[in-house]
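In what follows, a structure is listed as structure tokens, so that the remarks can point back to it.
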Amino acid sequence: MKTIRLKTRDRATVSTVVCRDRVLEEALPKALEPYRERGVLVFTDETVFRLYKEKLEKYLPWARVHAMPAGEENKGAESLFSLLEAMAKAGLHRGSVLVALGGGVVGDIGGLAAGLYMRGIACIQVPTTLLAQVDASVGGKTAIDFCGVKNLVGLFKQPETVFADPAFFATLPPREIRSGLGEIIKHAALCAPLFDKLSAHEKNLTNLNFLAQIVPENIAFKVHTVAQDTLEKGLRKCLNLGHTVAHAIELSGADLSHGECVLIGIVYEAEFAKRHCVCDENYLNTLQALCLAVLGSIPKVDIGRAAALSRLDKKNKDAENITLVVPVKKGEYKILELPLATYEEQLEEIQRILW
Ligand code: NAD
Ligand code: GLY
């Protein structure tokens, strides 16, 4: 078991991440005991509910459950408001807790609902995907997609506790493991020791024991970064590495998961770095090879459509320039601003080279 505390600069603990086994069987029921009389709602998606219904009924027989349809396409206002309605119908009040049991979609919507309901109630995150364990459940970013823009409506809401249990990986389809590796390689691009570890295991990156071993390190890296800048005014921006291109591809309608888009985004953004930054090309080639080891190949996407979608990216300072967080050297990144026309033109050019 490993416990990682997210403390702000004044040393106050705002969130605790516990990496351990038997979360559904022991840790969660124990953590919820004080809330039993105050009100608990478990929020999940239909896929996770189907897989873990028996355990929920066995270990938390008294808890109410609300399940949304699974998938990023449901990460919108309808799911959010239907959850808020379920919270009201369950009679939750200021002393109650919402448990978000699922991947990043459930975590982001659950965290947002917990932040909005009665102007904020407690939230416990139980991330069930690799991606949600290493990234989405940690750090308090919550959001829904809105008006065709990823994560347009959201707030910062730190969960009281995050319980990360590798047992959930046993039911994950291989594609979701690949997807989680997207955010893990992003962390590796920012954290040299993690990069070395991944490079040394390039042949068995999807091995579940290896993943269980590196999840706490990923969480510790993210917690360390967020602790210095919880509201993303500076340093935390580095966690958006690869994400300008990733979000654009994700919204362009490609049949790709968030993590797969992040892997592609890192490959593209490394190419932007080669064109515009002082960088270590050999290192960038190795980083790209790591992404390709997970992806297999770079899928062809509607890059023109994706480019247009980057205009509304939250990272941009204005409508004419696109902001990218690109890898440059081992453990180093740079924030790059490109005129929209240059970005569009070079995305097409990079697609031609990569494909
Ligand atoms: P997801 O929540 O859609 O989960 C992927 C799929 O796996 C879903 O179909 C889900 O039902 C299924 N699933 C979940 N757990 C399972 C399990 N244990 N066994 C079998 N199937 C399971 O997607 P995700 O990849 O977890 O998260 C992606 C989302 O996270 C995106 O919306 C992204 O924007 C968000 N995100 C947020 C942050 C943040 O800091 N808040 C960071 C990264 C990503
Ligand atoms: N996933 C990026 C962040 O939490 O800042």
| How many residues, within segment 138-160, are open to solvent by 20 Å² or more (accessible area, probe 1.4 Å) and either more than 9 Å from ligand 1 (Cβ to nearest atom) or part of a helix (DSSP H, G or I) (or both)? | 10
| message | Pairs needed: first member in segment 322-345, of a type in the set (Ser, Thr, Tyr); second member anywhere, open to solvent by less than 10 Å² (accessible area, probe 1.4 Å) and assigned to a helix (DSSP H, G or I); C-beta distance under 9 Å; at least 6 residues apart or different chains. | response | Thr323/Thr244; Tyr333/Ala189; Tyr333/Cys238; Tyr333/Ala273; Tyr343/Thr244; Tyr343/Phe272; Tyr343/Ala307; Tyr343/Ser310
| field | Among the candidates Glu217, Glu202, Glu232, residue that is near ligand 2 (Cβ under 10 Å from one of its atoms), open to solvent by 40 Å² or more (accessible area, probe 1.4 Å) and either of a type in the set (D, E, K, R) or within 22 Å of Gly296 (Cα to Cα) (or both) | value | Glu232
| Among residues of segment 115-137, those that are open to solvent by less than 10 Å² (accessible area, probe 1.4 Å) and out of contact with any Gly (no Cβ under 7 Å at 6 or more places or on another chain), counted | 4
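For every residue, the table says whether it meets (1) charged (D, E, K, R); (2) farther than 24 Å from Asn218 by Cα.
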{"position": "Ala113", "(1), (2)": "no, yes"}
{"position": "Ala122", "(1), (2)": "no, yes"}
{"position": "Val126", "(1), (2)": "no, no"}
{"position": "Ala132", "(1), (2)": "no, no"}
{"position": "Lys141", "(1), (2)": "yes, no"}
{"position": "Lys157", "(1), (2)": "yes, no"}
{"position": "Thr161", "(1), (2)": "no, no"}
{"position": "Leu172", "(1), (2)": "no, no"}
{"position": "Ala192", "(1), (2)": "no, no"}
| remark: Conditions (1) modelled with pLDDT of 95 or more; (2) in contact with a helix residue (DSSP H, G or I) (Cβ under 7 Å, 6 or more places away or on another chain); (3) buried (at least 16 other Cβ atoms within 10 Å of the Cβ) -> Phe210 fails only (3)
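The values are calculated or read from the model by the stated rules, or taken from the named source; none is laboratory data. Only a predicted model underlies this, so the values are computations on that prediction, with no experimental measurement involved. With ideal geometry, Cβ positions are generated from the backbone for all residues, glycine too; neighbour counts draw on all protein chains shown. Quick note on the areas: whole protein, heavy atoms, side chains included, nothing else; ligands and nucleic acids left out. Shrake-Rupley method; radii C 1.70, N 1.55, O 1.52, S 1.80 Å.
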